[in-house]
Amino acid sequence: MSDASSPYEGSMREALAEARAASEHGDVPIGAVVLDGAGQVVGSGHNRRLADGDPTAHAELLALRSAAESIGAWRLDSCTLVVTLEPCTMCAGAVVQARLGRLVFGAWNGEMGAVGTLWDVVRDRRLHHRPEVVSGVLAEECGALLEDFFARHRDSGTAP
């Protein structure tokens, strides 16, 4: 499902603010927020792989951990994850494992996307859980943030 003008635009703007925080410490600008059933933010995160020296410190995983701690449970079935970029296989797997009710993302991930681009982990009928998916929310803005980040790194000769 794609819905570029959706009720998730405000939450995506919060995820974009998280993404900008990631780029402040040199990480790829990806941000995420988790909403509870009432639409309140119960978790947030942004990429911290470089900052923490942790290959698993993706925005989605940090936001899911934050939400689980906030609500005191690992099952996030009434929650929605809003993330600026289509999740990779690791993060898509975490969405399934957390039993998230809904996944909302902005830009498509042509290199590692696992929610329809290269793979479709969250809709695999062999798995025990399949969240609702809303794609393309503020996709241009989310994509532009990443494009600008990588252009700056190409121009400076540094790799993130």
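Among rounded, prolate and oblate, which fits the stretch 1-82 when a ≥ b ≥ c are the square roots of the eigenvalues of its C-alpha gyration tensor, a/c under 1.5 means rounded, and a/b larger than b/c means prolate? Oblate is the answer for the stretch 1-82, as a/c is 1.5 or above yet b/c matches or exceeds a/b.
The angle between the Cα long axis of helix 59-71 and the main principal axis of the chain comes to about 40°, on a 0 to 90 degree scale.
Could you work out which residue, out of GLU24, GLU14, GLU86, moves most in a Gaussian network model of the chain, that is, has the largest mean-square fluctuation with Cα springs under 10 Å? Fluctuation is largest for GLU24. Going by a ≥ b ≥ c, the root eigenvalues of the Cα gyration tensor, does the stretch 36-116 fall in the rounded group (a/c under 1.5), the prolate group (a/b larger than b/c) or the oblate group? Oblate is the answer for the stretch 36-116, as a/c is 1.5 or above yet b/c matches or exceeds a/b. Only protein atoms count toward the accessible area here, which uses a 1.4 Å probe; on the chain, the carbon and sulfur part of that area reaches 50 percent.
Measuring only protein heavy atoms, the 1.4 Å probe finds ARG48 accessible over about 80 Å². Running Debye on the chain with equal point scatterers at the Cα sites and no solvent, what base-10 log of I(q)/I(0) appears at q = 0.19 Å⁻¹? Debye intensities relative to I(0), on a log10 scale: -1.16.
Can you give me the angle between helix 9-24 and the longest principal axis of the chain, using Cα atoms only, in degrees from 0 to 90, rounded to the nearest 10? It is inclined by approximately 40 degrees. Here the label points at GLU141 and MET90, each 7 Å from Cα along the C-beta direction, are separated by 2.8 nm in the simple model. With all protein chains kept in place, the per residue accessible area of the chain amounts to 48 square angstrom at a probe of 1.4 angstrom.
With respect to the chain, whose longest principal axis is taken over its alpha-carbon atoms, helix 139-156 is tilted by about 30°.
Its relative contact order, with pairs defined as Cα atoms under 8 Å and 6+ residues apart, puts the stretch 1-81 at 24 percent.
Across the stretch 43-105, the mean sequence separation of Cα contacts (distance under 8 Å, 6 or more residues apart), normalised by length, yields a relative contact order of 30 percent.
The values are calculated or read from the model by the stated rules, or taken from the named source; none is laboratory data. All of these numbers come straight from a predicted model, not from anything done at the bench. Heads up, the Cβs are rebuilt from the backbone with ideal geometry, glycines too, and the neighbour counts pull from every protein chain shown. Quick note on the areas: whole protein, heavy atoms, side chains included, nothing else; ligands and nucleic acids left out. Shrake-Rupley method; radii C 1.70, N 1.55, O 1.52, S 1.80 Å.
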